[in-house]
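Taken together, the values in this text are just the output of simple stated rules run on the coordinates, not laboratory data. Since this is a predicted model, take the numbers as computed values, not measurements. No Cβ is skipped: glycine too gets one built from the backbone with ideal geometry, and neighbour counts run over all protein chains shown.
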Amino acid sequence: MRLGWAALLCLLALPAHADWSFAPARPVSGQTGKGVFTHLESAGRKSVAVAGDSVAVVWEDNRSGSPQTYIAFRRGDKGGFSAPTQLSTGKEAYEPAVAAAPGGFAVAWEQDGYVWIRFAAPGRLGPVERAGRAESSQATLASDGGRIFAAWARREGRRMRVVVAHLTLDGERLQAKRARPVDPVPPSQDQLYPSLALTADGVAVAWEDRREGHTRLYTSVSRDGLNFAPLRALNAVHGSRDPSLRFGRGTGVTRVALASDGKQRVAAVWMDKREFMGGYDIYAAVSDDGGRTYGPNEKAQDMFGDNQPQWHPAIAVSATGQVVAVWDDPRDGTPDLWLSWRTGSEWSDDLAVKPASGAGSQASPAMAFDAKGRLHLVWVGPARGGGERVWYSRGRFRAAPR
Amino acid sequence: MLNSSPWLRAALLVAALFSATAAVAEPPEGYPFVNYGEGLRQAQAQHKKIFLYFGRFGCGWCAKTNKETFSNKALRKLYTEHYVLVYVDAESGKRLTLPSGERITEMELGARLNVFATPVFAYLESDGKLIFKAPGYKTVKDFEDFDRYVYQGIYKRKTLTQFLADPS
C-alpha cells in the first residue's frame, strides 16, 4: 500500500506534458533572387493577422529595385500563399503592419516619410490613403473584427510623439480619423515604436519613451481612442550593479509589443538590458484589467538563453487568455526562433520552434492566434537556392492529460 | 526668489538642460562622428578604416567612456586622423544602407553583429567588413593599442589576443 502511494506521488510529481507542435514551414514571400532583402518588421511586430479562415502576411523587400511593402494571403487549411501583391506606391516603403478588418485586412506602413493605410483582401485592394499630414513612421495596428485602431510616431519639431487614430472602412476605403496624442504634454524627448491591443473596454497602448534620459516603456488606455488615461511606466528600472559607476541614466529597454484576448487580458513583451552583460533579455508583463495596470515584470526566457542577446520579441494572446512569446537568439550558433508560454504566473522552458531552427538564420518572428486557438507564426529564413524569404507555420498547443 | 529673478530662472533652466543632456550617452564632444551611410561613403572616398561606436541612449558605460577616455586630446587627434568615425544608437530605428545594398535600422545592425552590451567599439575596413569588435568601457591605453593593431595592419597577421600579449 505504501509503495502504491509512493508511485502515485512520483507520477504526480512529473510535469504534465504540454507542448507545441508546428506544421512544416510554408513559403510566403515567393521566390526572390540574389540582392533581394526581406524584412518582417513593424512597431509591435504585427506582420501577420487572421480573419475568419484567411491569413494575411505583410513584409518589405526590394524585389522591384527599391524597398516596398507586400501582402500575401492563405485561405483555408490547405494550399499555399497567394502571389505577393505590392501595397506601397512610393519611392521607398518600410515596416508594414496588418490587422483584420471587415471583409479583409487593414494594412499600415511607412512610405517616403509618412504613414499610409490601405484595405486589402484576396484579389481586392482599396485606395492608398495617407494617415496624417505630418512626417510619421513606426505604424502599428490592432483590431477586433469591428474596431480598427492605428498608432504611429509623429514628428513634432525635433521630437517624435506617439499618436493613436481610429480607422474607418467605407467599402474598400480605409481612412484614419484625426490622430490624438496619447500624452497631452508635448514630448521633451522622443516617443517611439508604439504597440496597441484592443480590449472589451477600449484600446491599450505601450511605447518607448526617452523623457527620463534613457528608454522607458510607458502605457496608457483609452475607451474611445480620443482621451487617454494618465501614463504608467511598464518596465522596472534597474540601476547599474556597479555602485562606482556614476554615469548614465539607466538600463535599456526597447521594442515593446502588446496583444490581448479581446476581453480584459493584455500581455506585453519587450527587450530588456537590466542584466546587461548578456545583452537584451525577453521580459513580459500581463494585465488583467484591460491594460490599466500590469503585474510585475516577468522574465519570459529561460536561463539557457542568458549568455546570448535575444532579439525581435513578439507576443500573442489566445481568446482563452493563453499568453505566448516568441523571439530569436543565437544560443545554438545561429539565430533560431524560441517560444515560451505562460503557465500560471511563470513561463515555460524555451522551446525551439522546429520548422524555424537549424542551419542559417531564422529570425524576426511575428504571430497571431486564430479563434480556434491555433498559432500562426511567420519569420524570415533561408530560401532554398540562396537568399531569404518569409516562412509560415501553424502551431497547436497540446496539453496531454496526466 | 525665483519669481523675482527671471534671469536666475533662465540660468537655472539652462543649467538643468545642460546637466540633463550631459548624462545622455551620445557621441563624445569634439569628434566628427557621422552616421553609418555617410561614414561608409567617406571611408571609401578617403581610403580610411571605420571606427564604429555602438552607443545607447542613457548608457552609463558609454557616458563614462566619453568623459574619462574620449576627453583625451591626443586620442581625439589620433582617431580623427586615422579613422572615419561612425556612431550608431543601438536602439534606434534610423535606417542605414549596408555595403550589400540592404537597408536596415541601426538597431538591426546591432542584431546582425550580435552586440551584447553598450558601448561596443568596432573597427571596419573601408568597405564595411568587420575587423574586430571590443565591448565595454575602454581606457585611452586600450584605444591606443587597438589603433596600433588596426592602423598598422597587425590584424592581418595576428589575432588581437596575440597582439595584446606581445605588442612588439
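Of note:
- Taking all Cα pairs closer than 8 Å and separated by 6 or more residues, the relative contact order of chain A comes to 15 percent.
- Dipole of the protein assembly as shown, positive end: most advanced residue of B:ILE131, B:LEU160, B:ALA45 [Cβ charges, Cα centre]: B:ALA45
- Whole-number percent relative contact order across chain B, with pairs defined as alpha carbons under 8 Å at least 6 apart: 23 percent
- Once C-alpha pairs closer than 8 Å and six or more residues apart are averaged by separation and normalised to the residue number of the stretch A:220-355, the relative contact order reads 18 percent.
- For the protein assembly as shown, the ratio of Cα radius of gyration to the globular rule of thumb 2.2 N^0.38 Å stands at 1.00.
- log10 of Debye I(q)/I(0), alpha-carbon scatterers only, for the stretch B:122-168 at 0.23 Å⁻¹: -0.86
- Once the mean of 1/r is taken over each pair of separate Cα atoms and inverted, chain B shows a Kirkwood hydrodynamic radius of 17.2 Å.
- Only Lys, Arg (+1) and Asp, Glu (-1) charged, at Cβ; the stretch B:25-71 dipole about Cα centre in debye: 160 debye
- The share of Cα pairs per 10 Å bin across the stretch A:115-164, counted from zero up to the longest distance, runs 23, 48, 24, 6, 0 percent.
- Stokes-Einstein diffusion for the stretch A:145-277, with the hydrodynamic radius set to the Kirkwood value over Cα pairs and evaluated at 25 °C in a medium of 0.890 mPa s, equals 155 µm²/s.
- Taking amide H as placed 1.01 Å from N in the peptide plane, the amide H of B:LYS49 sits under 5 Å from that of B:VAL84, each at least 5 places away or on another chain.
- Its alpha carbons considered, the stretch A:343-386 gives a radius of gyration followed by a Dmax of 13.4, 44 Å.
- Radius of gyration (Cα atoms) of the stretch A:213-358, expressed as a multiple of 2.2 N^0.38 Å: 1.09.
- In summary, the convex hull built on the alpha carbon positions of the stretch A:15-150 has an orientation-averaged projected area of 10.3 nm².
- Among the trypsin sites (Lys or Arg not before Pro) in the stretch B:44-123, those located in a DSSP loop and surrounded by at most 16 other Cβ atoms within 10 Å of their own Cβ are B:LYS94.
- Fraction of C-alpha pairs exceeding 19 angstrom in the stretch B:58-152: 44 percent, rounded to a whole number.
- Just so you know, the Rg over Rh for the stretch A:284-402 is 0.98, from Cα atoms, with Rh as the Kirkwood radius.
- What the phi angles of the stretch A:343-359 give under the Karplus curve with 6.51, -1.76 and 1.60, with θ = phi - 60°, is a coupling list of 10, x, 10, 10, 10, 5, 4, 5, 10, 6, 6, 3, x, 10, 9, x, 4 Hz, glycine and proline written as x.
- Taking Cα centre as origin and charging only the Cβ of basic (Lys, Arg, +1) and acidic (Asp, Glu, -1) residues, the dipole magnitude of chain A rounds to 580 debye.
- Members of A:LYS354/B:LYS133; A:LYS78/A:LYS177; A:LYS34/B:LYS129; A:LYS34/A:LYS299; A:LYS78/B:LYS94; A:LYS299/B:LYS67 lying beyond 30 Å, as alpha-carbon distances in this model show: A:LYS354/B:LYS133; A:LYS78/A:LYS177; A:LYS34/A:LYS299; A:LYS78/B:LYS94; A:LYS299/B:LYS67
- Estimated vicinal HN-Hα couplings, Hz - the stretch A:65-75 in sequence order (Karplus 6.51, -1.76, 1.60; Gly, Pro = x): x, 9, x, 9, 9, 9, 9, 9, 10, 10, 10
- Of all DSSP beta bridges in the protein assembly as shown, antiparallel share, percent nearest 5: 95 percent
- Gap separating the Cα centres of the stretch A:31-61 and the stretch A:203-217, nearest whole Å: 26 Å
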